[in-house]
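Below is one structure; the comments refer to it alone.
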Amino acid sequence: MRPDLVNRSVSVLIATMDRPQLLRRALEGVLHQDFPHDIEIVVCYDNNQPDLSLEMVDGNRRIRVITNTHSKGLAGARNSGVAAASHPWLAFCDDDDEWLPSKLAAQFEALATTPDARVATSGIFIHYEGTDTARIPDPALLTFRGFLEDRMTDVHPSATLVSAELVAEIGDVDETIPGGYGEDYDWLLRAARLSSFAVACEPLVRVHWHGGSYFFEKWKTIDEALDFLVNKYPEFEDHPGGLARIRGQQAVARAAMGKRGDAARMAFDTFRLRPTEKRVPVALAVAAGVPAATVLKFAHKLGKGI
């Protein structure tokens, strides 16, 4: 057995803000894992009063409650959680998502059969308006180059299990990204530079998409954050497909903000990078008057984003 898999104790980091009912569902999913090893849940409250009544110890399950001591927002809250974690393996779970019972056990089995992987993911169910859509990552694509070409939304933060050692090498979640949008994508790019990914090829996390999701229709933040990421990773210039994807997203965001001229120009630039980029006609349609919310709702019903 790999030495790093002897101790499979996991610290699960959940950042939360003013969503107590959703948080309790997330906690239930973690507490009821079919997993014999220790699980410590670190609940980090971001910019609101912590609920200390959640703290508990029950056998090899423990919940700790802390407050965010880093910058306000998801990135800072995750960094606070990492700093407080005590186990050799870390996992993330958004407070509005839920783990299925075999999630951790299946991911450790995937790690055991992928000797050079220090991070694992799994398939997910995207749950929207009462419907589950399964998304399964392709292990062959989970490389630095692969993530440049495609964000691969089926590789979700709530499905991430990673060695604490690798987290230390990757460094803090970037708290300087505008609004914190895309901090998970940035983290995946950095992780992929240092490790391969193990994949449990079945849906083991239910990701809930809803109007209460933090970035739902925050178009200005999305546009600024995507620009930040392109500037942070000059490698995008050598991957026109990946750059077209991001510029296409920005074109849609600018159209949704009513910046029709900017949106049309960016859509044209996107077309020159990759004529088949699907966001080009979407951006032009939104610029022409199709409500962005209608387009987003249609995409979500297919288990996709923009």
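Counting the residues of the range 69-90 that are of a type in the set (Lys, Arg) and either crowded, with 18+ Cβ neighbours inside 10 Å or within 17 Å of the chain's Cα centre (by Cα) (or both) gives 1.
Any chance the range 215-222 includes a residue that's closer than 22 Å to Leu13 by Cα, in contact (Cβ under 8 Å) with a residue 24 or more places away in the chain and among the hydrophobic types (A, V, I, L, M, F, W, C)? Yes: one or more hits. Filtering Arg245, Arg254 for residues that are more than 19 Å from Gly179 (Cβ to Cβ) and in a helix (DSSP H, G or I) leaves a single hit, Arg245.
Quick grid of which residues meet (1) within 22 Å of Tyr128 (Cα to Cα); (2) surrounded by fewer than 22 Cβ atoms within 10 Å (Cβ to Cβ); (3) of a type in the set (Phe, Trp, Tyr):
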site	(1), (2), (3)
Glu28	yes, yes, no
Asp38	no, yes, no
Ile41	no, no, no
Leu54	no, yes, no
Asp58	no, yes, no
Thr67	no, yes, no
Phe92	yes, no, yes
Glu109	no, yes, no
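Quick grid of which residues meet (1) crowded, with 17+ Cβ neighbours inside 10 Å; (2) out of contact with any Gly (no Cβ under 8 Å at 6 or more places or on another chain); (3) among the β-branched types (Val, Ile, Thr):
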{"position": "Asp116", "(1), (2), (3)": "no, yes, no"}
{"position": "Thr133", "(1), (2), (3)": "yes, no, yes"}
{"position": "Leu142", "(1), (2), (3)": "yes, yes, no"}
{"position": "Asp150", "(1), (2), (3)": "no, no, no"}
{"position": "Gly179", "(1), (2), (3)": "yes, no, no"}
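State whether the residues of the range 136-156 include one that is modelled with pLDDT of 95 or more, among the hydroxyl-bearing types (Ser, Thr, Tyr) and under 12 Å from the mean Cα position of the chain (by Cα). No - not one qualifying residue is present in the range 136-156.
The values are calculated or read from the model by the stated rules, or taken from the named source; none is laboratory data. Keep in mind it's a predicted model, so treat the numbers as computed, not measured. Every residue, glycine as well, gets a Cβ built from its backbone with ideal geometry; the counts of neighbours run over all protein chains shown.
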